[in-house]
Amino acid sequence: MEDARRHSPAAERNGPPIRDHLQRLLPAQGVLLEVASGTGQHAACCSAGLPGWQWQPTDHGAEGFASIAAWCEGQPRVRPALPLDVLSPTWMGIPREVDAIFCANMIHIAPWACTPALMQGAARHLSPGGLLITYGPYLEDGVPTSPGNIAFDADLQARNPAWGLRRLADVAAQARAAGLDLQERVAMPANNLLLVWGRPDRGSPPGPHRP
């Protein structure tokens, strides 16, 4: 039988370090919504390290669902993938309230409108104290951009002018407009960042400089 799993070398590399930080950031149990699950490798890797969590994968179209299901076969805590158009003003079919939202490598491989839509959707669906956790490369004011990220940004824009690395300050402004603050900035391998967003009343100081 043909293997339905699609493979992303980047997801294979970054899955374990992302999993380690999710274990640190999240409580013992809850429901996590993954936006833009892609191949399903993050769902398979990270959910395996979060035994108290139900993991809800999503993707824009159903063409990737077979890959997600194949990667997560035998993991009963990973729910069947659901279609999700981030730009929709209501995320139909998505659980009304979740304890965490995880989104990797979507913000720069999507039109800019998807970023405010992600923040607004997270604000609608996160439970009190819930976190939005994003992963990917960003442009930071006052921080030199690595040659690899400069080349990656140029490649993205050549493929689609609506794509490209986003300024962290611009992303944070959209989060604030939705009622979310940047609570933690974690430097990750290959010049990526893991960013933790939450409501200011969560008790963690806002701002990108918390270790």
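No value in this document is a laboratory result; all are computed from the given coordinates. Model, not experiment: these values are computed from the prediction. We place every Cβ from the backbone using ideal geometry, glycine too, and count neighbours over all the protein chains shown.
Can you give the relative contact order of the chain as a percent, counting alpha carbon pairs under 8 Å and 6+ residues apart? Computed value for the chain: 16 percent relative contact order.
Near LEU126, the amide H atoms lying under 5 Å from its own belong to VAL98; only residues 5 or more places off or on other chains count, and H is placed 1.01 Å from N. Given R0 = 25 Å, the distance between the Cβ atoms of ALA10 and ASP141 translates into a calculated FRET efficiency of 0.50. Backbone phi angles across segment 6-13, fed through the Karplus curve with coefficients 6.51, -1.76 and 1.60 (θ = phi - 60°), yield HN-Hα couplings of 7, 10, 10, x, 5, 5, 5, 6 Hz in residue order; Gly and Pro are listed as x. Karplus-based coupling profile of segment 63-75, in residue order and whole Hz: 5, x, 5, 5, 5, 4, 5, 5, 5, 9, 4, x, 10, with θ = phi - 60° in 6.51 cos²θ - 1.76 cosθ + 1.60 and x standing for Gly or Pro.
Within the chain, the longest run free of exposed loop sites, counting GluC sites (Glu not before Pro) that sit outside DSSP helix and strand states (H, G, I, E, B) and have at most 16 other Cβ atoms within 10 Å, spans 141-211. Of the beta bridges in segment 9-202, as assigned by DSSP with both residues counted there, near 40 percent are antiparallel. Annotation: amide H-H contacts under 5 Å for GLU34 (H modelled 1.01 Å from N, sequence separation of 5 or more, or interchain): GLN56, THR58, PHE102.
Taking amide hydrogens as modeled 1.01 Å from N in the peptide plane, which residues meet the under 5 Å criterion relative to ARG166, leaving out close sequence neighbours? HN-HN under 5 Å from ARG166: LEU139. Whole-percent P(r), the chain, all Cα pairs, 5 Å bins from 0: 1, 7, 16, 20, 22, 18, 10, 4, 1, 0, 0.
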